[in-house]
Amino acid sequence: MITLDSVISRHDERIAFRRLNSDNSVVVQCDSLREFRVNGTGLFIWNLIGGDLPVSRIVASVSRKYSVTGKRLQSDIIAYLSEMYEGGLIKIDGSYVNQKREVRLPRLMDTDPVFRKIATEGNIPYMTNFVLSYRCNLHCNHCYIPAMRDLLDTSEVRRVLDQLADLRGIFVRFTGGEPFLRKDILEVLSHAKMRGFAVAVNTNGFFITKDVANALRRIYPMDVNISVYGCKPQTHDLVTQRKGSLEVSLRAIELLRSAGVNVNINYVVMNHNVDEMEQVKSWAEERGVGFRPEYSIFPRRDGDKKPLCHRATNQQLIRIFRAGLIREPKPTLCKPASIKLRIDPDGTVHPCEMLDCDLGNLKEKSLAQIWNSHEVQEFRAMNIQSPAKCSSCRLKDICFRCAGIAQMEDGDMHLPSSWACKVSHLYEYITRAAVSHPS
């Protein structure tokens, strides 16, 4: 119960904040991954509670600012603070409400449409995939990453993050290769957190020690995502081509859990590990670990289609769809070079995590120069999301077509994606069968 004597403080450790425009800011709760909209008055209150402050002083400050008095003002402010408290954004007298995770952010289709609209209209790179290194200590047989290129150094990465913050970006996922091969990884993550980003990082877990896990707990990322490819060593290690790698990844998960870090399992569904999917999911759920299956496997960025031989078969996909192990396909809401971008280790900027279209290099230009360039404006004007053939397709409401996958597999980002077409037809078959033969 909040009273006028209650002392309020922001739960800065577990939130990310960004002012998007004069009327709207976003606060991301890094446990629940919920996005909260803060308007102009709310921003004034938010700035007041940067330190410990009694509710009575908050009421008095708002009263002076807006020339409003009375019991109604007190009750409105207490109600607003109560909402933030229940959402895990603030502490009351040092206590806070632990949050449960119910969504799978930060996928663009899961973000609040209000913020997608604000970001689109405001030319804001809302979500960024930052590839810190293409180097990796494993050689996963489905990997689509190309050979190593030159890296941005620590000062350059920090400068890029500063520029991204100035452009009002909020979500940053650091990935690779293996980002923990960089000796400055914790410094990079700390700087990103300090600049107000909601931070996530993908890793294979080989470099997660007790000390690293504790350091990550202090940074408090939204997610640390560790790849697991099966419940049996021979299954997982067949993918990574490194004996003992499953044991290392599972140990990393336990170290992160013990340290209080949000951790998820990334499970790439392949034709040889699909039968172990449910067991890995159960293992994760028993430990409070997130489980994120992904059934799309792509050609390598150099055009090599060898990874495609590891895709699940039609019958395997049908089975896991019916079992509810993967969620139904939905139209992609991807807005490449509009509210998304990808930064490569050498500083090259691309429209999104999948599309290979060189928009400029951060060693030569600032991010703002690239983001606001004529070339990017021309790219945004292209209708790569809805090819003519797709617009009249009866399956467009369940098709997750990605221009990047179409580019890699079918040779043209303007074409339909043969992979999305296949999955959409399979899902149509499943839903029709369920209607014809209900259980």
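Could you please state how large a percent of the accessible area of segment 348-439 is carbon and sulfur, counting protein chains only and using a 1.4 Å probe?
On the way: 2570 of 4770 Å².
The nonpolar share, carbon plus sulfur, comes to 54 percent.
Could you calculate the contour length gain from Ser61 to Asp211, that is, 0.36 nm times the residue separation minus the distance between their Cα atoms, to one decimal place in nm?
49.7 nm
Rank by packing, highest mean first: peptides 160-171, 83-94, 298-309, with packing defined as the count of other Cβ atoms within 10 Å averaged across residues.
On the way: 160-171: 20.6, 83-94: 18.2, 298-309: 14.3.
So the order, starting with the most tightly packed, is 160-171, 83-94, 298-309.
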- Query: What accessible area per residue comes out for the chain, rounded to a whole number of Å², with a 1.4 Å probe?
  - Reply: 45
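In whole percent, how big is the carbon plus sulfur part of the accessible area of segment 208-271, probe 1.4 Å, protein atoms only? Walk me through the intermediate numbers first.
Working: 1230 of 2540 Å².
That fraction is 48 percent.
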- Task: Heavy atoms only, probe 1.4 angstrom, no DNA, RNA or ligands counted: give me Lys363, Lys389 ranked by accessible area, highest first.
- Result: Lys389, Lys363
- Task: Would you pull out the residues with amide H under 5 Å of Tyr134's amide H, same chain only if 5 or more places away, H placed 1.01 Å from N?
- Result: Arg149
- Honestly segment 40-140 on the Cα gyration tensor test (a ≥ b ≥ c root eigenvalues; a/c under 1.5 rounded, otherwise a/b vs b/c for prolate or oblate) is just prolate
- Message: Can you give me the angle between helix 154-166 and the longest principal axis of the chain, using Cα atoms only, in degrees from 0 to 90, rounded to the nearest 10?
- Response: 60
- Read phi for every residue in segment 264-278 and hand back ³J(HN,Hα) as whole Hz from Karplus 6.51 cos²θ - 1.76 cosθ + 1.60, θ = phi - 60°, with x for Gly and Pro. 10, 9, 8, 10, 7, 6, 10, 5, 9, 10, 4, 6, 9, 4, 5
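Among 258-266, 201-209, what's the highest-first ranking by average C-beta atoms within 10 angstrom per residue? Mind dumping the intermediate values first?
On the way: 258-266: 19.7, 201-209: 21.8.
Answer by packing, highest mean first, reads 201-209, 258-266.
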- Query: In sequence order, what are the phi-derived ³J(HN,Hα) couplings for segment 334-339 according to the Karplus relation 6.51 cos²θ - 1.76 cosθ + 1.60 with θ = phi - 60°, rounded to whole Hz, with x for glycine and proline?
  - Reply: 4, 10, x, 6, 10, 10
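With a 1.4 Å probe and all protein chains left in place, how much of the accessible area of segment 4-128 comes from carbon and sulfur atoms, in whole percent?
Values: 2810 of 5930 Å².
Roughly 47 percent, rounded to a whole number.
Applying a 10 Å radius around every beta-carbon, put 24-32, 323-331 in order of their mean neighbour count, most first. If you can, show how the numbers build up before the last one.
Details: 24-32: 22.0, 323-331: 13.6.
Output ranking for 24-32, 323-331: 24-32, 323-331.
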- Item | Rounded Å value of the spacing that divides the Cα centres of segment 5-80 and segment 344-377 | 36
- Message: Let me make sure I get this right: for segment 320-404, a, b and c are the square roots of the gyration tensor eigenvalues over alpha carbons, sorted descending. Under 1.5 in a/c it's rounded, otherwise prolate if a/b > b/c, else oblate. Which is it?
- Response: oblate
- Query: Which links in Lys305/Lys422; Lys100/Lys281; Lys340/Lys389 stretch past 22 Å when you go from one Cα to the other?
  - Reply: Lys340/Lys389
- Considering amide H positions built from the backbone, and no H for Pro or chain starts, which residues 5 or more places from Arg34, or on another chain, come under 5 Å of its amide H? Gln29
- Candidates [x] 73, 52, 41; [y] 68, 56, 48; [z] 115, 79, 31; which is the computed Cα extents along the principal axes in Å? [y]
- Item | Set of lysines with alpha-carbon distance to Lys183 below 25 Å, sequence-local pairs under 8 removed | Lys193, Lys210, Lys243, Lys363
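The values are calculated or read from the model by the stated rules, or taken from the named source; none is laboratory data. Every value quoted in this text rests on a predicted model; they were computed, and no experiment measured them. Methodologically, a virtual Cβ is constructed for each residue, glycine included, from the backbone with ideal geometry; neighbour enumeration extends over all protein chains shown. Just the protein is used for accessible areas: all its heavy atoms, side chains included, with ligands, DNA and RNA removed. Shrake-Rupley method; radii C 1.70, N 1.55, O 1.52, S 1.80 Å.
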